[in-house]
Amino acid sequence: MAAETERPWLNADLSVEERVELLLSAMTVAEKAGLFFHTMIAIGDLDEDNPAFGLPAPRELVAGRHMSHFNLLGAAPTGRQMAEWHNALQELAASTRLGIPVTLSTDPRHSFSDNPGAAIMAGPFSQWPETMGLAAIGDEELVERFADIARQEYTAVGLRVALHPQVDLATEPRWARQTATFGEDADLAGRMGAAYIRGFQGEAFGVGSVSTMTKHFPGGGPQKDGEDPHFAYGREQVYPGGMFEHHLKPFEDAFQAGTRQVMPYYGMPVGTEHEEVGFGFNRSVITGLLRERYGFDGLVCTDWGLITDAEILGTPFPARAWGVEHLTPSERMMRVLDAGVDQFGGETCTALLVELVAAGEVAEERLDVSARRILREKFELGLFEQPFVDVAAADEIVGRADFRAAGEAAQRAAITLLADSGVLPLPTGRRLYVEGVDPEIAARYGTVVATPAEADVAVLRLRAPFEERGSTFENFFHAGSLAFPDDVIAHVREVAQAVPTVVDVLLDRPAILTPIVEDVAALTANWGASGAALFDVLTGVAEPQGRLPFDLPRSMAAVERSRPDVPFDTVDPLFRFGHGLSIAQVVAAEG
């Protein structure tokens with residue numbers, strides 16, 4: 001009762017709107033400003049500089065800068081360790097004047113990716129195929145089941161905002177970010193994205209929910225030459241086919257499903273009715289399109305690092321202030337606020353916003369507009385009533401046996417059989433030559449030999465090619481040519497001439513498979529699958545159910561001639577969207 005007297009917004013008998021207003025009326029400008037900043041954090045000592053990109057200590061961010069939104073990077077060895085650290089962070093937040101709880105967010109962390117700017121390896125969580133693999137399965141119920149499992153694992157360790165789903169359309173085959181999308185087809189992406197949102201947020205949004213931040217509005221796929229706008233050379237988003245509106249369709253399904261938050265992309269539109277500035281600065285896109293046309297009153301957070309320059313993994317990078325590079329950080333901040341955005345992703349410069357209010361450049365009433373949205377989300381998630389998680393339960397829930405089994409089944413199901421000359425299913429006990437597969441795993445299915453000449457069959461695992469770039473961070477974003485180097489093609493052919501060969505390719509982007517498809521005995525695609533999952537499919541223990549979620553282009557010439565905003569625009573693709581064989585079909589055809 002004393003707490004409710006001192007902090008009347010803790011009275012759960014009041015409406016959320018009443019509680020928001022009570023808390024807002026008690027806040028200083030500095031405390032309001034802290035709500036606007038949503039930056040990275042990593043598990044570590046709360047009083048030491050953060051392991052995430054050398055950021056200040058969590059105590060400085062929470063108690064000194066009044067921040068309460070953090071994107072958790074990296075994985076702890078166990079769910080319990082994540083839960084313990086989360087609770088310590090919440091204890092720190094509770095000790096501040098107003099006791100505003102922390103909201104922890106995360107990039108996807110259930111698959112095989114490891115990219116500090118986009119996704120996190122599964123670690124202790126159940127491991128599933130990438131989002132593109134879920135699209136390859138194409139089952140809305142499975143996607144909702146995945147998201148519900150992820151919701152349970154997230155909430156067990158205190159993660160309450162998913163910086164996903166990514167419903168961008170993968171219409172530019174070279175685009176570096178497409179592995180986390182649902183592919184090239186707007187209808188499929190919309191249906192899968194809506195199921196994903198329902199699974200994470202639950203039937204009714206509240207205490208057990210994970211809030212989804214759908215991205216990247218208004219669609220990030222049409223990148224010029226497929227380059228990523230994390231970097232200056234990828235800042236332009238182009239629409240030579242006039243398909244801007246087409247890319248909005250999956251977002252419409254996300255709004256219908258009730259997504260709570262939205263992230264605009266870095267890119268700047270070129271040649272449209274909209275101003276040629278990055279979407280986070282773009283008033284006609286955020287206010288005109290998102291707020292007014294679609295009536296979206298949820299929270300809008302920019303992508304990371306629009307205001308200030310930063311050093312990432314040892315390399316300096318400019319702010320992604322595309323189209324407004326000439327503006328000062330203060331001016332950029334005002335442009336973002338004027339656009340209608342609520343939070344600055346990846347920024348910690350709270351003093352800058354306080355100074356803008358003190359100087360009369362930003363009205364305190366403008367802060368209140370966004371602060372209400374931000375606080376409403378915290379109250380509706382139940383963070384004020386239940387800021388802590390059950391540490392003992394965390395290890396029981398995170399990576400639970402049935403969750404892992406469901407993820408492994410999805411890995412097998414997503415594998416897509418592109419071609420088979422009749423070599424599948426492989427009989428067990430054969431002599432196997434393998435590359436890209438742990439020999440201990442392969443040995444469960446046959447006898448592993450040292451050379452193709454000794455083998456009955458070879459299994460080679462490749463990944464879609466990409467071009468090396470100049471810095472470590474850039475090379476996490478696979479971009480450039482989709483063609484395999486000549487030496488890789490020559491090696492595959494050499495092995496295939498010596499022994500019947502199965503090639504499996506991780507398609508984080510479409511690869512040009514034309515040079516090898518006629519030489520190999522079978523060709524499969526995956527979007528994240530263990531060696532055991534692959535061999536279960538190859539030996540007939542499980543049936544491949546995947547269907548291509550995009551066209552596979554026949555050549556780089558076709559890719560280069562295609563229009564980045566137009567789906568299915570490469571001439572005469574090698575395999576079309578929806579292609580996928582079953583082993584049973586092939587066996588029947590051979591018979």
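The values are calculated or read from the model by the stated rules, or taken from the named source; none is laboratory data. Just so it is clear, the model here is predicted, and its values are computed rather than measured. When we count neighbours, we look across all protein chains shown, and the Cβ atoms used for this are built from the backbone with ideal geometry, even at glycine. Protein only, heavy atoms only, side chains kept; ligands, DNA and RNA dropped before computing areas. Shrake-Rupley method; radii C 1.70, N 1.55, O 1.52, S 1.80 Å.
Tabulated data for the structure shown
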item: Residue that is open to solvent by 10 Å² or more (accessible area, probe 1.4 Å) and over 30 Å from residue 488 (Cβ atoms), where the choices are 437, 449, 369; result: 369
item: Pair list, Cβ < 8 Å and 6+ apart or interchain, from the range 303-316 residues that are without any contact (Cβ under 8 Å) to a residue 24 or more places away in the chain to residues that are not basic (Lys, Arg) and not in a loop (DSSP other than H, G, I, E, B); result: 309/316; 309/317; 316/310
item: The range 533-561 - residue that is of a type in the set (S, T, N, Q) and closer than 25 Å to residue 413 by Cα and, of those, least open to solvent (accessible area, probe 1.4 Å); result: 539
item: Residue in the range 461-473 that is under 30 Å from residue 229 (Cβ atoms), open to solvent by less than 70 Å² (accessible area, probe 1.4 Å) and part of a helix (DSSP H, G or I) present; result: no
item: Residues of the range 89-106 satisfying the condition of being open to solvent by less than 10 Å² (accessible area, probe 1.4 Å), out of contact with any Lys or Arg (no Cβ under 9 Å at 6 or more places or on another chain) and not aliphatic (A, V, I, L, M); result: 90, 106
item: Identity of the residue in the range 295-344, polar (S, T, N, Q) and touching a strand residue (DSSP E or B) at 6+ places or on another chain (Cβ under 9 Å), that ends up nearest to residue 280 (Cα to Cα); result: 302
item: The lone exception for residue 578 - which of (1) under 25 Å from residue 246 (Cβ atoms); (2) open to solvent by 20 Å² or more (accessible area, probe 1.4 Å); (3) not in a loop (DSSP other than H, G, I, E, B) it fails; result: (3)
item: Count of the range 111-140 residues which are open to solvent by less than 10 Å² (accessible area, probe 1.4 Å), assigned to a loop (DSSP other than H, G, I, E, B) and not polar (S, T, N, Q); result: 4
item: Among (1) of a type outside the set (Lys, Arg); (2) in contact with a Gly (Cβ under 6 Å, 6 or more places away or on another chain); (3) in a helix (DSSP H, G or I); (4) surrounded by fewer than 16 Cβ atoms within 10 Å (Cβ to Cβ), the one test that residue 51 misses; result: (3)
item: Which listed residue is open to solvent by less than 10 Å² (accessible area, probe 1.4 Å) and under 30 Å from residue 411 (Cβ atoms), from 67, 82, 40; result: 82
item: Of the criteria (1) more than 25 Å from the chain's Cα centre (by Cα); (2) open to solvent by 60 Å² or more (accessible area, probe 1.4 Å), which one residue 402 fails; result: (1)
item: Residue within the range 331-349 that is in a strand (DSSP E or B) and not aromatic (Phe, Trp, Tyr) present; result: yes
item: Residue 305 vs. criteria buried (at least 18 other Cβ atoms within 10 Å of the Cβ) and assigned to a loop (DSSP other than H, G, I, E, B); result: yes
item: Residue list for the range 562-574, filter: more than 24 Å from the chain's Cα centre (by Cα) and either open to solvent by 20 Å² or more (accessible area, probe 1.4 Å) or closer than 23 Å to residue 416 by Cα (or both); result: 563, 569, 570, 571, 572, 573, 574
